[in-house]
Structure formats: structure tokens, C-alpha cells
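Enquirer: Got a structure for you, written out below as C-alpha cells; questions coming shortly.
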Amino acid sequence: MVYINNWDEFLQPYELTVQELKLKLEGIRAQYLLKNPHSPIESVQVRVKTINSILDKSRRMELKPEEIKDKMHDIAGVRITCQFVEDIYTVVNLIKKRSDIEVIYERDYIANPKESGYRSYHMHAYYHLETIEGPQKVLFEIQIRTMTMNVWATVEHSLNYKYDNQIPIDIKEKLVKAAEAAQSLDEQLSKIRNEIREAQRQFILRRSNQLVGYHDMQ
Ligand code: 0O2
């Protein structure tokens, strides 16, 4: 039986990790947008697993309490959404170059999708957290995906929940077809990404011109 004495104390490094990572990754987006019409990072979502979810998973993994910290890689989770598949690899490289993140595992489920049709880029990494007791390495999971991949994964996740991980075969087949359509959409969007970026650049330019005009009227 897993037994952790003080959950607030156990979970705080994970909470601090996701808060800091969210701020830093959104900072990268802001830096891109200052000089470019496009950022490889579209949005950042973070979460810390609930106590019940940690207990369930530790039972499934048959972990002793003292093993959870080192062996459960997704207590802290960061999900980065991108517009284009190419952006995913830009973000992967940005993350690997950082001195506050140490990547220990990578899986490219875009080059090699799962049988379900699932596509995403996964990394497990340590975040170098500064605490009042000194530096601490906190294990976390990063998922990087396009908005299209995210829609598919969200829908599939809901169906797994509904069917208790036993999705009927006909629905599974439809999901595989939907995953193929999602992949095709990503490919089509990649082909016209320069046009999309130019449209975004013009939109931002026009909006800032309108704002200048508005201020002039004051
Ligand atoms: P939740 O609620 O999202 O946290 P790994 O390369 O080790 O990260 P692996 O071995 O498949 O990937 O690990 P795991 O634990 O099965 O999957 C990690 C997470 O990836 C999952 O977390 C999902 O978020 C996502 N994922 C993996 N496979 C699928 C899939 O087929 N469909 C969907 N929708 N998501 C998937 P959790 O703990 O399942 O859930």
C-alpha cells in the first residue's frame, strides 16, 4: 500500500515546476511574437496529477512509495500545442538546448504513430528547480503536438473514459480513419504554411495600424 505522509510537501515541487515552465514557455512565445508574426509555440497547458491518480498509477506500476518520485514520470505534465508539424521539431530543439531542462527520454509518435492513431512528441525530463533548501531535479513529462493532433487525442481520450479503455472495434476503426484525416490536414497546412504566416503578419500589421489611428483620435 502506497503511503505518503505529507501530500502538500510531496506535490509542491511539481506545482512549482509546472508554474515556472508555463511562464518560461509562454515567455518564448512572447519573444517570438515580438519579432515574428509566428511563434512555434501556440499554447501551453500544464497539470499536476491528482493524489488519486498517483495512487492508482502507483498500484498499476507496483511502486513502493519511495519509488514514485523517480519512476512516475508524469506527475507533472506540460503540453505544448503548435500550429504546424515543423514547429514541433523547433520546440523539441529549443527544449533540448535549455540549461534548466535535462531530457532523459524521447519518443516520436509522429514519425511512428501508435496503433490507435495517436500522434505526439513525448519527452521525459528533469527540471532544475531552485528551492529554499537548494536545487532539486524534478521529473516531468512534455507532450508536443499540433492543434489537429490535440483534437484527435482529446476525443479519443474521452471515448476511452466512456468505454473504460475498451472502445468497441467499429469506433476504433473510425478513430484510425479520423487520425489519418488529421494527419492529412496537418500535411496540407504545412504545404501552405508560408501563406498562412504571411496572412498572420498582415493581420498583425493592419491591427497595429488601426491601433495607431485610434490613439491619434484621442
Ligand atoms: P493523462 O490523463 O493524459 O495523463 P511515453 O512515450 O512513455 O510517454 P507511453 O509509453 O505510451 O508514452 O506512456 P503512457 O503513460 O501510455 O502515455 C503517456 C501519455 O500520453 C498518456 O497519459 C496520454 O496523455 C498520452 N497518450 C499516450 N497514448 C495515447 C493514446 O493512444 N491516446 C491518447 N488520447 N493519449 C495517449 P495518461 O496517463 O494515459 O493520461
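What follows is calculated from the coordinates using simple rules that are stated; it is not laboratory data. Since the structure is predicted, the reported quantities are computational estimates derived from the model, not experimental observations. Please note: Cβ atoms are built from the backbone with ideal geometry, for glycine as well, and neighbour counts cover all protein chains shown.
Enquirer: Sort out which residues of the range 67-100 are within 18 Å of Leu21 (Cα to Cα) and touching a residue at least 60 places away in the same chain (Cβ under 8 Å), and write them in order of number.
Expert: His73, Asp74, Ile75, Ala76, Gly77, Val78, Arg79, Ile80, Thr81, Cys82, Leu94, Asp100, listed by residue number.
Enquirer: Follow-up. Could you please let me know if Asn52 is among the polar types (S, T, N, Q) and either within 12 Å of the ligand (Cβ to nearest atom) or in a helix (DSSP H, G or I) (or both)?
Expert: Judged against the criteria, Asn52 is a match.
Enquirer: Which of the residues spanning the range 161-179 are among the aliphatic types (A, V, I, L, M), within 14 Å of the ligand (Cβ to nearest atom) and free of Cβ contacts under 8 Å to residues at least 12 places away in the same chain?
Expert: Ile167
Enquirer: Output the number of the condition that Glu26 fails; it satisfies all remaining conditions of (1) within 15 Å of the ligand (Cβ to nearest atom); (2) under 19 Å from Ala125 (Cβ atoms); (3) charged (D, E, K, R); (4) assigned to a helix (DSSP H, G or I).
Expert: Against the list (1) within 15 Å of the ligand (Cβ to nearest atom); (2) under 19 Å from Ala125 (Cβ atoms); (3) charged (D, E, K, R); (4) assigned to a helix (DSSP H, G or I), Glu26 comes up short only on (1).
Enquirer: Of the numbered conditions (1) free of Cβ contacts under 8 Å to residues at least 12 places away in the same chain; (2) away from the ligand (no atom under 11 Å from the Cβ); (3) hydroxyl-bearing (Ser, Thr, Tyr), Ser158 fails exactly one; give the number of that condition.
Expert: Just one mismatch for Ser158, condition (2).
Enquirer: Any idea how many residues of the range 152-175 are touching a helix residue (DSSP H, G or I) at 6+ places or on another chain (Cβ under 7 Å) and in a helix (DSSP H, G or I)?
Expert: 5
Enquirer: Of the residues Ala178, Ala111, Ala182, Ala199, only one is out of contact with any Lys or Arg (no Cβ under 7 Å at 6 or more places or on another chain), surrounded by fewer than 14 Cβ atoms within 10 Å (Cβ to Cβ) and part of a helix (DSSP H, G or I); which?
Expert: Every option except Ala199 fails the conditions.
Enquirer: Now for a separate question. Among the residues of the range 110-140, which ones are within 16 Å of the ligand (Cβ to nearest atom) and β-branched (Val, Ile, Thr)?
Expert: If the condition is that a residue be within 16 Å of the ligand (Cβ to nearest atom) and β-branched (Val, Ile, Thr), then Ile110 is the only one that fits.
Enquirer: Yes or no: the range 69-78 includes at least one residue that is among the aliphatic types (A, V, I, L, M), touching a Leu at 6+ places or on another chain (Cβ under 6 Å), closer than 22 Å to Asp8 by Cα and surrounded by 16 or more Cβ atoms within 10 Å (Cβ to Cβ).
Expert: yes
Enquirer: Tell me which residues, restricted to the range 64-105, are acidic (Asp, Glu) and in a helix (DSSP H, G or I).
Expert: Selection gives Glu66, Glu67, Asp70, Glu86, Asp87.
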